[in-house]
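K.L.:
Take a look at this one; I'll ask things after.
Readers should treat all values here as calculations from the given coordinates under stated rules, not as data from a laboratory. Here the structure is a predicted model, which is why all the values come from computation and not from measurement. Because the Cβ atoms are built from the backbone with ideal geometry, glycine has one as well, and the counts that use them run over all protein chains shown.
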Amino acid sequence: MSYADQIFINMCQDIIDNGVSTEGEKVRPKWEDGTSAYTIKRFGVVNRYDLSKEFPAITLRRTALKSAMDEILWIWQKKSNDIHDLKSHIWDEWADENGSIGKAYGYQLGVKHQYKEGMMDQVDRVLFDLKNNPYSRRIMTNIYVHQDLHEMALYPCAYSMTFNVTKEKDSDKLTLNAVLNQRSNDVLAANSWNVCQYALLLMMFAQVCDMKAGELLHVIADAHIYDRHIPIIQELITRPAFDAPVVKLNPKVKDFYAFTTDDLIVEDYVTGPQIKNIPIAI
């Protein structure tokens, strides 16, 4: 069993056993048939993953790691809000007739801001600080921009990353750690996906800054299981689990903007069967 499996199973069981229901309350999401999509939820879930020990992928079912990397590159590297720049179709439901999701996600990371050192967007600011001032406590991003919310197809769920650098005793390299803040997390559809893609982002940033990937702290304000997902989750967490896969990046890549999904190396990823046709509330 991977450590990510342990965290996932314990989190799901805790939500089922101790969560509170939104049934009968006024909620925004709806199912495809138009009925309200209620949840069981827990407030303030915090999960910690040590990437120096193993990659945080669950094995209860397969997480599409290349697709997860493709989306994180779409947001952080391409800084795009155009679904035509994305290989998967996970954003199709939120896009307009031109394929845009508005001023959300990648759009915000591509906006340039004035700093003492010049004009930079948030991604380039992070990379600049990691390379030039790694012990700064100000290395962070935020894409929850209130003045632009009305022009976003979906308010950002994972909205902030804070990076923090440490150095292990007797180590010749710095260690890059990060906190991922997420206002809302659909545990079945998105939890492992989000963890894996931001773990990959941390690994990419660490590699291009000549650091080691350390810990990823995932802070979720509202961790929830939708009502129609409960029986799926109950079956999922009783499945056999396996050892974590070995996940690496092409060591030759030294520029964040040069990474592609072809640079992702996944070995020994043994999983349970995929769950098909998961209903998604929108």
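K.L.:
For the stretch 69-117 and the stretch 222-282, what is the separation of their Cα centres, given in Å?
P.N.:
When both Cα centres are located, 21 Å separates them.
K.L.:
Net charge around Val111, counting only other residues with Cβ within less than 15 Å of its Cβ (Lys, Arg = +1; Asp, Glu = -1)?
P.N.:
So the environment of Val111 carries a net charge of +1.
K.L.:
Starting from the Cα gyration tensor of the stretch 119-194, take the square roots of the eigenvalues, sort them a ≥ b ≥ c, and report rounded, prolate or oblate (rounded when a/c is under 1.5, otherwise prolate if a/b is larger than b/c, else oblate).
P.N.:
oblate
K.L.:
Only helices at least 24 Å long along their axis, Cα-based, and averaging 1.0 or more on Kyte-Doolittle count here, so list those DSSP H runs from the chain.
P.N.:
187-208
K.L.:
Treat the stretch 40-97 as a sphere of radius equal to its Kirkwood radius over Cα pairs and apply Stokes-Einstein at 10 °C in a medium of 1.306 mPa s; give the translational diffusion coefficient in µm²/s, rounded to a whole number.
P.N.:
112
K.L.:
So what's the net charge close to Ile15: Lys and Arg +1, Asp and Glu -1, counting the other residues with Cβ under 14 Å from its Cβ?
P.N.:
Neighbour charge sum, excluding Ile15 itself: -3.
K.L.:
Ranked by Cβ crowding within 10 angstrom, fewest neighbours first, how are Lys66, Lys254 ordered?
P.N.:
Ranked by crowding around the Cβ, least crowded first: Lys254, Lys66.
K.L.:
Compute the signed sum of charges (Lys and Arg +1, Asp and Glu -1) over the other residues within less than 10 Å, Cβ to Cβ, of Ala206.
P.N.:
Once all neighbours under 10 Å are counted, the net charge is +1.
K.L.:
Then there is this: Of all alpha-carbon pairs in the chain, indicate the percentage at a distance above 27 angstrom.
P.N.:
For the chain, the fraction of Cα-Cα distances above 27 Å is 40 percent.
K.L.:
Mind putting a number on the dipole of the stretch 100-167 about its Cα centre? Charges go on the C-beta only, +1 for Lys and Arg and -1 for Asp and Glu, and I need it in Debye to the nearest 20.
P.N.:
The dipole of the stretch 100-167 has a size of about 320 debye.
K.L.:
On alpha-carbon atoms, Rg over Rh for the stretch 239-282 using Kirkwood Rh?
P.N.:
Looking at the stretch 239-282, the ratio lands at 1.14.
K.L.:
Only bridges whose two residues both fall in the stretch 154-266 count here: according to DSSP, what percent of them are antiparallel, nearest 5?
P.N.:
DSSP beta bridges in the stretch 154-266 are roughly 50 percent antiparallel.
K.L.:
Does the stretch 151-282 come out rounded, prolate or oblate, given a ≥ b ≥ c as the square roots of the eigenvalues of its C-alpha gyration tensor, rounded meaning a/c under 1.5 and, failing that, prolate meaning a/b above b/c?
P.N.:
Cα axes put the stretch 151-282 in the prolate bin.
K.L.:
Give, in nm to one decimal, the length gained when the segment between Glu168 and Val253 is fully stretched (0.36 nm per residue of separation minus the Cα-Cα distance).
P.N.:
Gain in length upon complete extension: 28.2 nm.
K.L.:
Let me ask another. For the residue pair Met119 and Ser136, what label-to-label distance in nm results when each label sits 7 Å from Cα along the Cα-to-beta-carbon direction?
P.N.:
The two pseudo-label positions are separated by 1.9 nm.
K.L.:
While we're looking at this one, here's another question. What list of whole percents do you get for P(r) of the stretch 48-152, with Cα-Cα distances grouped in 10 Å bins up to the one holding the largest distance?
P.N.:
Whole-percent P(r) values from 0 Å outward: 13, 33, 34, 18, 1.
K.L.:
Shifting gears a bit: Quick one: among Asp255, Asp186, Asp170, which has the greatest mean-square fluctuation in a GNM of the chain with alpha-carbon springs under 10 angstrom?
P.N.:
Asp170
K.L.:
Let me ask something else about it. So for the chain: antiparallel DSSP bridges make up what percent, rounded to the nearest 5?
P.N.:
The antiparallel proportion sits near 75 percent.
K.L.:
Note down the relative contact order for the chain as a percent, whole number, built from C-alpha pairs under 8 angstrom at least six residues apart.
P.N.:
Relative contact order here is 27 percent.
K.L.:
Suppose every Lys and Arg Cβ carries +1 and every Asp and Glu Cβ carries -1, with no other charges. What dipole size does the stretch 22-93 come out with about its Cα centre, to the nearest 20 debye?
P.N.:
340
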